[in-house]
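K.L.:
Quick one: structure below, then a few questions.
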Amino acid sequence: MAIVELDNYKSELNSLREPLKELGASLDLENKKQKIAEMERGMEEPGFWDDPEKSTRTVKELKNMKDAVAKYAALNAKVEDIETLIEMGVEENGDDEITAEAGEELKELKADLENMRTSLLLSGEYDANNAIVALSAGTGGVEAMDFNGMLYRMYSRWCERHGMKMSLMDYQEGDEAGIKGVTFLVEGENAYGLLKSEMGVHRLVRISPFNAQGKRQTSFASVDVMPELDETIHIDIDPSDLKVDYYRSSGAGGQHINKTSSAVRITHIPTGIVCACQEERSQFQNKDKAMAMLRSKLYTLMQQAHAEKLSDIRGDVMQIAWGSQIRNYVLQPYTMVKDVRTGEETGNAQAVLDGEIDNFISAYLKWVQLGKPDRKVQMND
C-alpha cells in the first residue's frame, strides 16, 4: 500500500513542476536579482541614510524582493527533498515513516506554492502595507462577544502561521465572556493585501454554551481592516470635528493594563467613526496612534466609496446582523464554513477557527480579479 502511495506522491509532485515554473516566470526573478544588486550598491553610497523616509521605503522594498527570491528557491529545494524522500521510500520497500513524511512535505509544498501564487494577485496600492484590524461583537449578546473572541484567536493563529507580528492596540472585554471589541496591528509582508479579504460581517451558528436549554443560536461579529498609512498620506481633519476621551485601559491582562488614564478614544463626529488606543503607557503616544488609525480609516473609506464628502460614507456601512454577512461558520447541526461572496467552503470548521483561512483569502483575491461576479450563494441552516 505504501508503494502505491509513493507512486501517487511522485505523480502529484511532477504535476506541480509546471505551475512552479510558471510562478518563477511571473515573479521575474532575474530582474529582481538585478534590482537587488543595484539597491544594495545604492545603500552603500554616502548620504543614503540622510533621508529616513526614502531609506525606509528602499529597505522595505529590498526585503520584499529578497523574500520573494528566497521563498521561490525554498520551493525548488523542497521539490528536490520530496523527490529524494520518495526514492528512499521506494528503496526501503515502502517504509511507512518515510511515506508519511513525504506526504506531509508534499502537503506543505502545495500550500506554500498556493500562497506564493496568491501573493501575485496583490497589486493594490496599499497591499504591501501593515494592517490595522478591528473586531466588534454584533447581534447575539454574550454569544456574539464569545464569537468575537473566537475570531480574535483565529487571526492570532493565522499571524503565527505566517510569521507576522500582532500588536494589541485596544481591547474591551465582554460582559460575561469573550471580547466586546478589539483592535490590533498586523505587521508583515502583504498584511493588508491578504487580510482585506476578511473585512465584513461574520456569522456563527452553533449550540450556545451560554443557553441552559441547549438551543441553536446565531450570532454576528464584524471585521474591519484598513492599511497602516505613512505620513506621506495627508487627510484634512478639522479638530472641531473630534471628540477626545481619556480613560483607563481595560486590556487582556498583564502588561496591557495601565494604572493611569492613558487610553485614548477619538470620535470623528461627522462620520461617527471611533478609534481608540491603549497600547502605550503615554497618553500622547496613544493619541498619536488613534489619530493615525482615524486617518487610515477615513482615507480607506473615501477610496472605497469614491465619495467627495465623508458624510456620504457612513450610509454604506452594513448592520452587524442577518443578511449582511460575508462568511458563515456553522457548527450545528453540521460543520461547514462557507464564504457568501466566492462560494469557497470547507467542512473542517475547527481548522478554520484555528487559523487555516488561506483558502478563503486566495478565493477572494481570485474573485476580485474576475470582477467580483455575483455568486448569490447563501447557506441554509
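K.L.:
Would you be able to say whether some residue in segment 120-132 is part of a strand (DSSP E or B) and open to solvent by less than 60 Å² (accessible area, probe 1.4 Å)?
P.N.:
Yes, there is a match, as at least one residue in segment 120-132 is part of a strand (DSSP E or B) and open to solvent by less than 60 Å² (accessible area, probe 1.4 Å).
K.L.:
Test residue 126 against the criterion of being modelled with pLDDT under 90 and aromatic (Phe, Trp, Tyr), and give yes or no.
P.N.:
yes
K.L.:
In this structure, does residue 30 turn out to be part of a helix (DSSP H, G or I), at pLDDT below 90 and open to solvent by 80 Å² or more (accessible area, probe 1.4 Å)?
P.N.:
Criteria not met by residue 30.
K.L.:
Scanning segment 245-278 for residues that are open to solvent by less than 50 Å² (accessible area, probe 1.4 Å), modelled with pLDDT of 90 or more and among the β-branched types (Val, Ile, Thr), which turns out farthest from residue 125 (Cα to Cα)?
P.N.:
The selected residue is 264.
K.L.:
Of the residues that make up segment 169-191, is at least one within 15 Å of the chain's Cα centre (by Cα) and closer than 17 Å to residue 360 by Cα?
P.N.:
Yes: segment 169-191 contains one or more residues that are within 15 Å of the chain's Cα centre (by Cα) and closer than 17 Å to residue 360 by Cα.
K.L.:
From the list 134, 177, 100, which one is among the small types (Gly, Ala, Ser) and touching a residue at least 60 places away in the same chain (Cβ under 8 Å)?
P.N.:
Selected residue: 134, the only one of 134, 177, 100 that is among the small types (Gly, Ala, Ser) and touching a residue at least 60 places away in the same chain (Cβ under 8 Å).
K.L.:
Sort out which residues of segment 326-344 are of a type outside the set (Ser, Thr, Tyr), free of Cβ contacts under 8 Å to residues at least 24 places away in the same chain and open to solvent by 40 Å² or more (accessible area, probe 1.4 Å), and write them in order of number.
P.N.:
344, the sole residue that qualifies.
K.L.:
Additional query: Go over the candidates 216, 206 one by one and state the one that is at pLDDT 90 or above, out of contact with any helix residue (DSSP H, G or I) (no Cβ under 6 Å at 6 or more places or on another chain) and surrounded by 14 or more Cβ atoms within 10 Å (Cβ to Cβ).
P.N.:
Numbers: 216 fails: at pLDDT 90 or above.
Every option except 206 fails the conditions.
K.L.:
Report the residue count in segment 174-187 for those that are open to solvent by 20 Å² or more (accessible area, probe 1.4 Å) and either at pLDDT below 90 or outside any strand (DSSP E or B) (or both).
P.N.:
The number of residues fulfilling the criteria is 4.
K.L.:
Would you confirm whether any residue within segment 281-299 is at pLDDT 65 or above, outside any helix (DSSP H, G or I) and open to solvent by 40 Å² or more (accessible area, probe 1.4 Å)?
P.N.:
Checked segment 281-299: at least one residue is at pLDDT 65 or above, outside any helix (DSSP H, G or I) and open to solvent by 40 Å² or more (accessible area, probe 1.4 Å).
K.L.:
Can I ask one more? Could you list, ordered by first residue, the pairs with Cβ atoms under 8 Å in which the first is in segment 268-295 and on the phi > 0 side of the Ramachandran plot and the second is not aromatic (Phe, Trp, Tyr) and not in a loop (DSSP other than H, G, I, E, B), at least 6 apart or interchain?
P.N.:
From segment 268-295, the pairs are 272/314.
K.L.:
If you scan segment 87-101, which residues turn out to be part of a helix (DSSP H, G or I) and either open to solvent by 90 Å² or more (accessible area, probe 1.4 Å) or not hydroxyl-bearing (Ser, Thr, Tyr) (or both)?
P.N.:
87, 88, 89, 90, 91, 96, 97, 98, 100, 101
K.L.:
Residues being buried (at least 18 other Cβ atoms within 10 Å of the Cβ) and either modelled with pLDDT under 70 or polar (S, T, N, Q) (or both): count how many of those fall in segment 300-324.
P.N.:
Qualifying residue count for the region: 4.
K.L.:
So if I check each of 146, 81, which one is open to solvent by 20 Å² or more (accessible area, probe 1.4 Å), under 28 Å from residue 36 (Cβ atoms) and assigned to a helix (DSSP H, G or I)?
P.N.:
Every option except 81 fails the conditions.
K.L.:
A follow-up question, please. Identify, from the list 65, 116, the residue that is crowded, with 16+ Cβ neighbours inside 10 Å and either under 17 Å from the mean Cα position of the chain (by Cα) or touching a residue at least 60 places away in the same chain (Cβ under 8 Å) (or both).
P.N.:
Every option except 116 fails the conditions.
K.L.:
From the list 157, 117, exactly one residue is under 26 Å from residue 21 (Cα atoms) and assigned to a helix (DSSP H, G or I). Which is it?
P.N.:
117
The values are calculated or read from the model by the stated rules, or taken from the named source; none is laboratory data. Not measured: the values here are computed from a predicted model. Cβ atoms come from the backbone with ideal geometry, glycine included; neighbour counts cover every protein chain shown. Surface accessibility is based on the protein's heavy atoms, side chains included, excluding ligands, DNA and RNA. Shrake-Rupley method; radii C 1.70, N 1.55, O 1.52, S 1.80 Å.
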